[in-house]
1. Probe 1.4 Å, all protein chains in place: accessible area of Trp445 in Å², nearest 10?
2. Could you tell me what % of all Cα pairs in region 1-149 have separations over 21 Å?
3. Any idea what the alpha-carbon Rg over 2.2 N^0.38 Å comes to for region 77-194?
4. Identify the trypsin sites (Lys or Arg not before Pro) of region 33-87 meeting these criteria: DSSP loop state and at most 10 other C-beta atoms within 10 Å of the C-beta.
5. Take Phe122 and Lys279, extend 7 Å from each Cα along the Cα→Cβ direction, and tell me the distance between the two endpoints in nm.
6. Charges only on Cβ, +1 for Lys and Arg, -1 for Asp and Glu: so what's the dipole of the chain about the Cα centre, in debye to the nearest 20?
7. How high is the FRET efficiency between Glu6 and Cys217 when r is their beta carbon distance and R₀ equals 25 Å, given to the nearest 0.05?
8. With each run of n ≥ 4 DSSP H residues scored as -39500 (n - 2.57), what mean residue ellipticity at 222 nm is computed for the chain after dividing by its residue count and rounding to the nearest 500 deg cm²/dmol?
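The values are calculated or read from the model by the stated rules, or taken from the named source; none is laboratory data. From a predicted model like this one, the values you see are computed outputs, not experimental measurements. A quick note on method: Cβ atoms are made from the backbone with ideal geometry, for glycine too, and the neighbour counts reach across all protein chains shown. The protein model used for the area step is the full one, side chains on, heavy atoms only, and it has no ligands, DNA or RNA in it. Shrake-Rupley method; radii C 1.70, N 1.55, O 1.52, S 1.80 Å.
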Amino acid sequence: MLERIEISKGRIGYFHLGHQPYWQQFPELKAQLELYASQFKEKLMAFGQAEIIDGGLVDTAQRAREVGDYFRAQGVDLLLCYVTTYATSAVLLPVVQRSGADVVLLGLQPNSRMDCTVSTTFDQLCHDNVTSLPELCCALLRAGIKPLDVLVGAAQGDARVERELSQWLDAATVKRNVTDARLGLLGHVYEGMLDMHSDPTMFHGAWGAHIQMLEMCDLEEAVCGVAASEVAAKLAEIKEEFVLAQPSHDPIAGLISPEDLDWSARVACALEKLIGAYKLDGMAYYYKGKGEYEKLISGMIIGSSLLTGRGIPMAGELDLKTCLAMLIMDRLGCGGSFCELHPVDFDDDIVLVGHDGPAHIRISDAKPVIRKLKLFHGKRGSGLSVEFKVRTGPVTLLGLTQTAGGDFKFVAAKGESLKGEIPRSGNTNTRVRFATGVAEFIEKWSLAGPTHHFALGAGDKLSALQKAAQVLKTELVVVS
């Protein structure tokens, strides 16, 4: 089984609000509210999706400053504020201001309702979880801070609340992985693809991601350093993860030779060395070279697919933007395979979605196929390529593009992967249907201004992507 890399989890600054004047009036109230807060923290930790940094109870303005400074020192990605009873806005605002992180307000009652026939003032204070939400939002907005969300419901046993919380935890993880990302750039953009061009400085400026420039000689040096034992181990891994295909009816499909496998395994080992040497989280590559460099690029597909499946996205044609989109989809747990629109089947109302080159093989509906191609259409070279389709069920498309002003913009949509035949052409292809109909969808998708590449993930992740875009402070357009 393909071993995943260890993913950095988001860091959540968790704290709960109280109202200090209540403690003397109701001596047992503080302990009761802290019990609720502790139980809710256990729920957050049980998700296992993020690291929980607990700031404890905030019930004075001074305490708010201390907790805000603590969260900043801890480098939290997102704040979750549990409003356990009425609290003044003065005990919230300094936390958010000084931490430097965005906040989600949680107005969550300890249970679904209070029994008014026997309830006391004490009971009401335990259920006053929404009372100060308007005040808290007003204070934040007047300070120029827009809360990411306000979540109202029950603290325990509320399916909607749990779903939303899970997505916010995922969003924090996406933020950490994007801001900490080190993406390699090897070669140059495919000639004439004007939508592919990116300004690496913008990746640094928008999110803090680092773009590492690589040279073909770096890869060549890594290939020369691969030992025979490493090649043998990689060959065994390839034969375990893939099905080796015989030539198909496509005239450019050929017979896989031992030399083809050996070279792909050697390059795969070299790619791992390159990724390790530069501590990369992903890479975009393309090179139109001759001789040894052409051979190097031609041998990258198998190794790149293995890396992508492990959580290190590899994007062809030097598509740095889609590489980041693939990283986001992977960190949301739905894969993120390098794709574009292929031929449309108007009779079945579907479009084939895929690409030549690397794929996210963990979301395949079966063992992915290795097919030998005598030529890579539109590119130099020949070699082994990957053929597969994404498993049936909901799928999500995520593209990353730029506006006329240079700002980044996400474009996303939801579809459904269907059973059915795909071409035996050594490319990935998935039969995808959209609720609007395939022709209308492609029209709307194109007019949203995406690049022609995007990341395809298994599952419905639109709501999670909306939250991720919020924490990344990047526009998201959903094509419906």
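1. 10 Å²
2. Values: 4903 of 11026 pairs.
Every Cα pair in region 1-149 considered, those over 21 Å come to 44 percent.
3. Values: Rg = 19.8 Å, N = 118, 2.2 N^0.38 = 13.5 Å.
Against the empirical 2.2 N^0.38 Å value, I get 1.47 for region 77-194.
4. On the way: sites: Lys41, Lys43, Arg63, Arg65, Arg72; in loops: none.
Here no trypsin sites (Lys or Arg not before Pro) fit, given the DSSP loop and packing criteria.
5. Spacing of the two 7 Å Cα→Cβ label points: 5.4 nm.
6. On the way: 48 positive and 59 negative charges, 44 e Å.
Computed charge dipole of the chain: roughly 200 debye.
7. On the way: r = 30 Å, r/R0 = 1.20.
After rounding, the FRET efficiency stands at 0.25.
8. Values: 16 runs with 182 residues, N = 480.
The helix-only estimate for the chain comes to -11500 deg cm²/dmol at 222 nm.
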